[in-house]
Amino acid sequence: MAAVIFIGDEVTAQGFRLAGATTRVPAKETVGETFAAALGEAELVLITADAASGLDADGLADAVRLASPL
C-alpha cells in the first residue's frame, strides 16, 4: 500500500515524486477512476483543484467525509 498518492499535472507530480510520493497523471476522462483506485491504495490521496474539477461533487464530498483523521 502506498503511503501517499498524488493526482494532478506532470510538473507538480515531478515535485511530489522527489518527495517520495507515488504519482498519477491521468487524462481528464479518467480522473474519476484514478481517484477511486487511489482511495483504495493509499493512506493519503492528494489531488489538484484542476484534476478534482473533473470529479463528481458528491463522490468527492464522500471521500472527504470518510477521511481519517478529519
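Results, tabulated for the structure shown:
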item	result
Flag if residue 13 is touching a strand residue (DSSP E or B) at 6+ places or on another chain (Cβ under 6 Å), of a type in the set (Gly, Ala, Ser), in a helix (DSSP H, G or I) and modelled with pLDDT of 95 or more	yes
Test: residue in the stretch 21-34 that is part of a strand (DSSP E or B) and either charged (D, E, K, R) or open to solvent by 40 Å² or more (accessible area, probe 1.4 Å) (or both)	yes
Which numbered condition residue 49 misses (of (1) modelled with pLDDT of 90 or more; (2) touching a helix residue (DSSP H, G or I) at 6+ places or on another chain (Cβ under 8 Å))	(2)
One residue from 39, 55, 44, 60 being part of a strand (DSSP E or B) and within 11 Å of the chain's Cα centre (by Cα)	44
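The values are calculated or read from the model by the stated rules, or taken from the named source; none is laboratory data. What you see is a predicted model, and the numbers here were worked out from it, not measured in a lab. Because the Cβ atoms are built from the backbone with ideal geometry, glycine has one as well, and the counts that use them run over all protein chains shown. Please note that ligands, DNA and RNA were not included when accessible areas were found on the heavy atoms of the full protein model with its side chains. Shrake-Rupley method; radii C 1.70, N 1.55, O 1.52, S 1.80 Å.
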